[in-house]
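Engineer: Structure below; questions to follow.
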Amino acid sequence: MELFERDLEFKMDVLREVGNIGAGHAATALSRLLDKPIDMAVPTVSFVPFELIADRVGGSEEVVVAVFLRVDGDAPGNMFFLMSRDQARRLLEGLAGIEPAESDAYSELELSALCEIGNILAGSYLSSLADLTRLSLTPSVPSVAVDMAGAILSHGLLQFGTMGDDALLIDTTFLQGRQEAKGHFFFIPDPESFEKLFVSLGVPLE
Amino acid sequence: MTDATIVKVGMADLNVATGGAVLRTTGLGSCVGLTLHDPLRQAAGMVHIMLPSSDIALEGAINPAKYADTAVPELLERVLRLGADRRRLVAKLAGGAQMFTFAGASDSLRIGPRNAESVKRELQRLNIPLIAEDTGGHHGRTIELDSASGVLTIRSVQYGVKEI
């Protein structure tokens with residue numbers, strides 16, 4: 001992207017900070033919900049080829065639980081909260097006291113609880129980002145899916161699809177205690193949104 | 001499909017194979033997978049299409065495999081170059097799902113059905129018969145085409161394995 005031809009490193013740092021602040025608030029929200037400490041890795045910000053995005057969560061065919069929200073407003077984009085089926089199960093147990101059935105199918109109640117968790121996390125991510133940038137950012141109604149990571153994530157790549165074959169991804173990993181299972185927060189702003197984000201954060205574009 | 005050579009087709013990518021090799025693409029959501037097959041020559045091609053039309057492309061040099069209107073002619077060209085006979089070619093189509101649904105659905109949520117419609121229009125224009133399809137719904141699919149038999153195997157999390 002042309003916008004990134006100059007000061008690439010600096011701009012990536014700014015976006016990393018965006019991820020840090022947003023996901024930091026989301027992690028705090030999750031930690032309060034569960035009443036357990038939630039750790040967060042330093043966000044990674046990079047242009048990722050479409051083909052490789054699903055590798056972040058175990059590969060294109062890996063079955064994941066995903067909450068998707070479309071971000072509307074001044075800097076639109078796509079947001080995913082992704083976790084493994086084990087992690088989703090733990091989340092349901094810890095939060096809603098729902099003892100999930102052994103089968104792979106999720107009940108209406110479980111899906112709706114997961115959707116609400118995603119909603120709360122995305123809401124805190126976006127509101128902290130909106131405070132920081134003074135941009136208006138509003139999440140759509142969340143939607144949840146349990147399916148192949150490739151099929152799910154491709155939905156968030158359509159806006160970048162018209163520009164090239166890779167997307168700028170802000171990826172933050174959540175870790176719960178020492179458990180292996182973890183969750184990912186993906187924020188994929190639309191290509192047009194970066195200029196607005198940079199301007200609002202005082203990043204010189206010239 | 002145990003010991004056959006697997007030829008991978010990535011997202012917005014296309015490839016061809018002959019003589020029993022298997023073409024495979026994973027994680028089709030709103031994207032569609034189109035295959036062309038000449039049963040006699042045992043020549044086949046597969047493309048993983050992402051968007052319905054190159055009219056919306058903002059990139060300089062477009063990737064023809066990405067858009068339905070450019071991908072179908074490109075795939076046809078590639079299988080013909082492999083020695084397929086145009087009169088024997090048959091097409092199969094899978095994918096084009098709507099992965100997320102919610103109230104106030106915008107246009108981008110209908111991208112799956114639009115991808116499938118656009119591919120069918122192109123096939124009709126090029127006079128290639130579509131003999132089987134598994135499109136729509138709300139689930140992801142992984143597909144494999146046996147270049148010898150022309151059987152298309154479709155796997156999904158909810159519905160298991162099926163062949164068309």
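Engineer: Can you tell me which residue is surrounded by the fewest Cβ atoms within 10 Å (Cβ to Cβ) among those in the stretch B:111-130 that are more than 13 Å from the chain's Cα centre (by Cα) and either β-branched (Val, Ile, Thr) or over 17 Å from B:ALA44 (Cβ atoms) (or both)?
Structural biologist: Only one residue tops the list, namely B:ASN127.
Engineer: Just give me the residues in the stretch B:108-164 being charged (D, E, K, R), in a helix (DSSP H, G or I) and at pLDDT 95 or above, in sequence order.
Structural biologist: Of everything in the stretch B:108-164, those that are charged (D, E, K, R), in a helix (DSSP H, G or I) and at pLDDT 95 or above turn out to be B:GLU117, B:LYS120, B:ARG121, B:GLU122, B:ARG125.
Engineer: Counting residues that are over 30 Å from A:LEU158 (Cα atoms), which strands (runs of 3 or more DSSP E) fully inside the stretch B:1-48 reach at least 1?
Structural biologist: B:13-18, B:32-38
Engineer: Here is a further query. Of the residues that make up the stretch B:54-63, is at least one more than 16 Å from B:LEU23 (Cα to Cα), modelled with pLDDT of 95 or more and not in a loop (DSSP other than H, G, I, E, B)?
Structural biologist: No - not one qualifying residue is present in the stretch B:54-63.
Engineer: Would you mind finding the one in A:VAL141, A:VAL146, A:VAL67 that is under 14 Å from B:PHE100 (Cβ atoms) and in a loop (DSSP other than H, G, I, E, B)?
Structural biologist: Checking each option against the conditions leaves just A:VAL141.
Engineer: Something else: Would you mind stating whether B:VAL79 is part of a helix (DSSP H, G or I), over 13 Å from the mean Cα position of the chain (by Cα) and buried (at least 18 other Cβ atoms within 10 Å of the Cβ)?
Structural biologist: For B:VAL79, the condition - part of a helix (DSSP H, G or I), over 13 Å from the mean Cα position of the chain (by Cα) and buried (at least 18 other Cβ atoms within 10 Å of the Cβ) - is met.
Engineer: Scan the stretch B:132-154 residue by residue and report those that are surrounded by 19 or more Cβ atoms within 10 Å (Cβ to Cβ), within 14 Å of the chain's Cα centre (by Cα) and within 14 Å of chain A (Cβ to nearest Cβ).
Structural biologist: Answer for the stretch B:132-154, where residues must be surrounded by 19 or more Cβ atoms within 10 Å (Cβ to Cβ), within 14 Å of the chain's Cα centre (by Cα) and within 14 Å of chain A (Cβ to nearest Cβ): B:ASP134, B:THR135, B:GLY140, B:ARG141, B:THR142, B:ILE143, B:GLU144, B:ILE154.
Engineer: Does B:ILE6 satisfy the criteria of being among the β-branched types (Val, Ile, Thr), under 29 Å from A:VAL65 (Cα atoms) and either buried (at least 20 other Cβ atoms within 10 Å of the Cβ) or touching a helix residue (DSSP H, G or I) at 6+ places or on another chain (Cβ under 8 Å) (or both)?
Structural biologist: no
Engineer: Among the residues of the stretch B:33-76 satisfying the criterion of being at negative phi and among the polar types (S, T, N, Q), which is surrounded by the fewest Cβ atoms within 10 Å (Cβ to Cβ)?
Structural biologist: Within the stretch B:33-76, the match that is surrounded by the fewest Cβ atoms within 10 Å (Cβ to Cβ) is B:SER53.
The values are calculated or read from the model by the stated rules, or taken from the named source; none is laboratory data. Since the model is a prediction, treat every value here as computed from it, not as a measurement. With ideal geometry, Cβ positions are generated from the backbone for all residues, glycine too; neighbour counts draw on all protein chains shown.
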